[in-house]
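Chemist: Once you've had a glance at the structure underneath, I'll fire off some questions.
The values are calculated or read from the model by the stated rules, or taken from the named source; none is laboratory data. No experiment lies behind these values; they were computed from the predicted model shown. No Cβ is skipped: glycine too gets one built from the backbone with ideal geometry, and neighbour counts run over all protein chains shown.
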Amino acid sequence: MEFKKRILVTGGAGFIGSHLVRLFVHKYPDYQIINFDKLTYAGNLENLRDVENAPNYIFVKGDIVSISDVKAAFETHGITDVIHLAAESHVDRSIEGPMDFVLTNVVGTVNLLQTSKDFWKGSEHVFHHVSTDEVYGSLGEEGFFTEKTPFDPRSPYSASKASSDHFVSAFYHTYGLPIKMSNCSNNYGSHHFPEKLIPLMILNIQNNKPLPVYGKGENIRDWLWVEDHVRAIDVIFHTGTIGESYNVGGLNEWTNIDLVHFLCRMMDDKLGRENGTSEKLITYVTDRKGHDLRYAIDASKLENELGWKPSIAFEEGLNRTVDWYLENKDWIEKVTSGAYQTYYTNMYSDR
Ligand code: NAD
Ligand code: TYD
């Protein structure tokens, strides 16, 4: 079959990438989706069992830091477009060791940009770079991040993502590479690796383990259902303006401690525990170094220009997320055995 587009989705085996691959494989049978992923600790083909035999899906194991891996994928599959999600994504890991973040997030992104520039001549292409609101730094109690907010990254993770965003923009301005960018707030949903706040808390509540809240738990995050994020990428990829960036978020700010209390109450109900049981597991631990106080997104550009809106309320999304974790013990078993145990001990045992 002659496909209309052959899209290289990098990081398609990760949390957000797997949701995006699933959406595109089902919604666009006339596109070929080439999932290019190194399968680090965060990448898991279990996330994609339901699409692996689809006629328009291919998996390629590769490293974006290797220019030869990237070129081979472009040559073999005649790539027409890129949706770039591959990244080292966890702030705590970036504090422990920034170099993998520089390599994958900066060097890997430049390899993809360079290869796209070399391969794409003339006709219509899109390089969609997926990024984070963390590039804008930390807000005080008031205000929102807009697309015009100056970058002010504070963690090694956000510094590496900001750098990658600047390179994407530089390739547009310097070489005319047809890029689009999106900067999204914190995502939650199924298949989220349990180093991140929401899945970590769900698993610890289930297993009666301490719930490590950093500092006083007063930091604020703006949470968005992962399926709404991938719908936003779909809309921006297809109808966004070349050279523009779009903020993605759901006006859904929670302090960490309120969110953990909410999860405790929801899970007490689901697990048939007396109300208040899980809250006793809350343990305040040493704060994260350089912990950003507040993130909050103004997504009005995306809403007004491209007509995107979040589809479900946070309570409903969390409800579905908790149910997914309670029902998918095999997945949890797979991702938390081995290296995860060492990570968890190093990060939390003396905190
Ligand atoms: P994730 O850590 O769950 O997945 C990252 C994926 O990239 C994994 O499948 C991993 O194997 C792959 N990968 C890592 N290094 C690679 C390399 N060198 N070559 C090829 N593949 C590699 O991350 P996520 O949460 O799904 O985030 C995806 C993207 O979205 C990232 O760019 C992240 O910065 C961005 N983002 C995430 C959030 C969030 O809340 N999770 C919010 C906004 C933006
Ligand atoms: P995280 O899920 O790591 O996302 P990010 O740092 O990219 O926003 O953390 C979300 C918030 O939860 C952040 O303020 C740090 C906090 N946090 C805890 O309090 N305890 C934890 O064990 C983790 C992983 C995060």
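Yes or no, residue by residue, for (1) aromatic (Phe, Trp, Tyr); (2) in contact with a helix residue (DSSP H, G or I) (Cβ under 6 Å, 6 or more places away or on another chain); (3) in contact (Cβ under 8 Å) with a residue 12 or more places away in the chain; (4) in a loop (DSSP other than H, G, I, E, B):
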{"residue": "Glu88", "(1), (2), (3), (4)": "no, yes, yes, yes"}
{"residue": "Ile95", "(1), (2), (3), (4)": "no, no, yes, no"}
{"residue": "Thr104", "(1), (2), (3), (4)": "no, no, yes, no"}
{"residue": "Val110", "(1), (2), (3), (4)": "no, yes, yes, no"}
{"residue": "Leu113", "(1), (2), (3), (4)": "no, yes, yes, no"}
{"residue": "Lys117", "(1), (2), (3), (4)": "no, yes, yes, no"}
{"residue": "His128", "(1), (2), (3), (4)": "no, yes, yes, no"}
{"residue": "Glu134", "(1), (2), (3), (4)": "no, yes, yes, no"}
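Chemist: Could you check how many residues of region 9-24 are touching a His at 6+ places or on another chain (Cβ under 9 Å) and either more than 6 Å from ligand 1 (Cβ to nearest atom) or not in a loop (DSSP other than H, G, I, E, B) (or both)? Before the answer, list the steps.
Modeler: Let us first name the residues in region 9-24 that are touching a His at 6+ places or on another chain (Cβ under 9 Å), namely 9-11, 14-16, 18-20.
Filter again for either more than 6 Å from ligand 1 (Cβ to nearest atom) or not in a loop (DSSP other than H, G, I, E, B) (or both), leaving 9-10, 15-16, 18-20.
Going through region 9-24 one residue at a time, the tally reaches 7.
Chemist: While we're looking at this one, here's another question. If you take the residues of region 184-221 that are assigned to a loop (DSSP other than H, G, I, E, B) and near ligand 2 (Cβ under 7 Å from one of its atoms), which of them is farthest from the chain's Cα centre (by Cα)?
Modeler: Gly217
Chemist: Counting just the residues of region 215-253 that are crowded, with 17+ Cβ neighbours inside 10 Å and among the polar types (S, T, N, Q), which one comes out farthest from Phe314 (Cα to Cα)?
Modeler: Ser245
Chemist: How many residues does region 200-209 contain that are out of contact with any Phe, Trp or Tyr (no Cβ under 8 Å at 6 or more places or on another chain), surrounded by fewer than 22 Cβ atoms within 10 Å (Cβ to Cβ) and not polar (S, T, N, Q)?
Modeler: Of the residues in region 200-209, 2 are out of contact with any Phe, Trp or Tyr (no Cβ under 8 Å at 6 or more places or on another chain), surrounded by fewer than 22 Cβ atoms within 10 Å (Cβ to Cβ) and not polar (S, T, N, Q).
Chemist: Continuing with the same structure: Among (1) surrounded by fewer than 21 Cβ atoms within 10 Å (Cβ to Cβ); (2) in contact with a His (Cβ under 6 Å, 6 or more places away or on another chain), where does Ile34 come up short?
Modeler: With (1) surrounded by fewer than 21 Cβ atoms within 10 Å (Cβ to Cβ); (2) in contact with a His (Cβ under 6 Å, 6 or more places away or on another chain) applied to Ile34, the lone miss is (1).
Chemist: Ok, one more. What single numbered condition from (1) surrounded by fewer than 23 Cβ atoms within 10 Å (Cβ to Cβ); (2) at pLDDT 95 or above; (3) under 18 Å from Ile220 (Cα atoms) fails to hold for Glu141?
Modeler: (2)
Chemist: Sticking with this structure for a sec: Looking for something more than 15 Å from ligand 1 (Cβ to nearest atom), under 19 Å from Arg6 (Cα atoms) and of a type in the set (D, E, K, R) - is there at least one such residue anywhere in region 31-53?
Modeler: no
Chemist: Does Thr174 qualify as being without any contact (Cβ under 8 Å) to a residue 12 or more places away in the chain, away from ligand 1 (no atom under 12 Å from the Cβ) and not in a loop (DSSP other than H, G, I, E, B)?
Modeler: yes
Chemist: Tally time: how many residues in region 198-241 are basic (Lys, Arg) and within 16 Å of ligand 1 (Cβ to nearest atom)?
Modeler: 2
Chemist: Continuing with this model, one more query. Hey, could you check region 146-165 for residues that are more than 9 Å from Val135 (Cβ to Cβ) and of a type outside the set (Ser, Thr, Tyr) and say which is surrounded by the fewest Cβ atoms within 10 Å (Cβ to Cβ)?
Modeler: Filtering region 146-165 for residues that are more than 9 Å from Val135 (Cβ to Cβ) and of a type outside the set (Ser, Thr, Tyr), the one surrounded by the fewest Cβ atoms within 10 Å (Cβ to Cβ) comes out as Pro150.
Chemist: Is region 69-80 home to any residue that is modelled with pLDDT of 95 or more, of a type in the set (S, T, N, Q), buried (at least 16 other Cβ atoms within 10 Å of the Cβ) and part of a loop (DSSP other than H, G, I, E, B)?
Modeler: Looking only at region 69-80, we keep the residues that are modelled with pLDDT of 95 or more, and these are 69-80.
Filter once more, so that each one left must be of a type in the set (S, T, N, Q): 76, 80.
Applying the additional criterion that residues be buried (at least 16 other Cβ atoms within 10 Å of the Cβ) yields 80.
Those left that are additionally part of a loop (DSSP other than H, G, I, E, B): 80.
Yes.
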